[in-house]
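The values are calculated or read from the model by the stated rules, or taken from the named source; none is laboratory data. Just so we're clear, the structure is a prediction, and the values are computed from it rather than from any experiment. Every residue, glycine as well, gets a Cβ built from its backbone with ideal geometry; the counts of neighbours run over all protein chains shown.
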Amino acid sequence: MELWNNIVSFLTSASTVMAVLKIVLAILVLALGCKLAGKLTKKIMNSRGMQRLSKTVQTFLGHVIRILLYVAVIIIAAVILGVDLSAFSAVIASVGLTIGLALQGGLSNIAGGVMIVGFKPFEVGDFIETGAVSGTVTDIGIFYTTVTTPDNKRVVIPNGTVSNSVVTNYSTNDTRRLDLVFSISYSTDIDVAKKVLYACAKADERVLSDPAPAVIITEHADSAVKISLRVWVRTEDYWDVNFDMMEQVKRSFDQFGVDIPFNQLDVHIAK
């Protein structure tokens with residue numbers, strides 16, 4: 001009976017009630033604060049000032065703002081619980097140092113993200129190639145850059161790797177040169193083959209007239225003469241023109257008797 005009275009007395013004491021209220025209030029602050037942080041981030045991202053920025057800067061700042069707001073909510077909850085901020089900051093500093101030493105790669109990724117946003121080698125929506133990966137940039141976060149490949153694979157690349165690698169941006173310029181190489185037999189009239197290629201280029205409205213298409217002999221190979229067609233197209237038309245031109249040239253070669261040889265080897269037997 002005495003034990004029960006002690007328990008009741010403890011539970012009903014002012015200090016216990018106050019501690020429970022602090023815990024409940026801290027939980028409410030965490031729950032509501034995180035929800036408000038998400039809504040506030042979305043509101044900031046939709047503001048006029050933010051909309052004037054490029055898509056790349058918007059996505060990067062969105063990640064930073066969201067994390068800072070979450071950290072602020074956690075600190076407020078800690079203050080409600082009565083955590084000493086001086087001790088809290090000392091703990092954060094020591095933990096941050098430990099994490100920083102353990103996650104040096106993560107810090108390099110943050111630095112890489114800042115460099116990408118600052119120097120703009122590419123932006124969200126650009127088609128790039130870096131290392132063995134090529135695709136459209138869909139997100140530039142604090143730690144990672146996300147690329148979607150042409151066959152719809154999602155590739156996540158550390159920002160540190162991207163910032164320290166050679167990046168080819170195919171979307172920067174409005175036009176690109178399309179180089180197509182064809183093989184014709186040594187017995188084929190070169191002038192006929194060149195006229196056929198010029199006609200194919202002229203017939204496609206997507207091929208630009210300035211710079212003008214060019215047809216040149218690029219190699220005398222073992223079994224064929226290599227002849228190149230070089231045309232300029234808008235960047236967004238590059239692959240469509242590439243595939244359509246390959247098909248049209250084959251049809252035209254067949255129509256005008258331009259022979260595309262197979263690999264062959266002449267063997268001479270000496271008596």
**Request:** For the stretch 103-111, indicate whether the set of residues that are part of a helix (DSSP H, G or I), over 26 Å from the mean Cα position of the chain (by Cα), at pLDDT below 75 and of a type outside the set (Gly, Ala, Ser) is non-empty.
**Result:** no
**Message:** Only one of Ser183, Ser187 is surrounded by 12 or more Cβ atoms within 10 Å (Cβ to Cβ) and either assigned by TED's automatic domain parsing to the domain that holds Ile128 or closer than 30 Å to Leu265 by Cα (or both). Can you tell me which?
**Reply:** Ser183
**Asked** Hey, among Ile190, Ile184, which residue is in contact with a helix residue (DSSP H, G or I) (Cβ under 6 Å, 6 or more places away or on another chain), under 30 Å from Pro261 (Cβ atoms) and modelled with pLDDT of 90 or more?
**Response** Ile184
**Request:** Report the residue count in the stretch 228-271 for those that are β-branched (Val, Ile, Thr) and over 22 Å from Pro211 (Cβ atoms).
**Result:** 4
**Prompt:** Of the residues that sit in the stretch 126-150 and are over 8 Å from the mean Cα position of the chain (by Cα), at pLDDT below 90 and not hydroxyl-bearing (Ser, Thr, Tyr), which one is nearest to Asn164 (Cα to Cα)?
**Reply:** Gly131
**Complete:** Residue set Ile65, Ile75, Ile44; condition surrounded by 13 or more Cβ atoms within 10 Å (Cβ to Cβ), in contact with a Ser or Thr (Cβ under 6 Å, 6 or more places away or on another chain) and modelled with pLDDT of 75 or more; output residue Ile65
**Complete:** Selection over the stretch 218-233 where residues are over 14 Å from Asp179 (Cα atoms) and surrounded by 14 or more Cβ atoms within 10 Å (Cβ to Cβ) yields a count of 2
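With respect to Thr172, is the statement that it is part of a helix (DSSP H, G or I), among the β-branched types (Val, Ile, Thr), without any contact (Cβ under 8 Å) to a residue 60 or more places away in the chain and within 30 Å of Val117 (Cβ to Cβ) true?
No: the conditions fail for Thr172.
Return the total of residues in the stretch 210-259 being among the hydrophobic types (A, V, I, L, M, F, W, C), under 18 Å from Ser185 (Cα atoms), in contact (Cβ under 8 Å) with a residue 24 or more places away in the chain and not in a helix (DSSP H, G or I).
8
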**Prompt:** With respect to Pro150, is the statement that it is without any contact (Cβ under 8 Å) to a residue 24 or more places away in the chain and either more than 15 Å from His63 (Cβ to Cβ) or loosely packed, with under 13 Cβ neighbours inside 10 Å (or both) true?
**Reply:** yes
**Message:** Which residue is nearest to the chain's Cα centre (by Cα), if the candidates are limited to the stretch 153-180 and must be of a type in the set (D, E, K, R) and exposed (fewer than 15 other Cβ atoms within 10 Å of the Cβ)?
**Reply:** Arg154
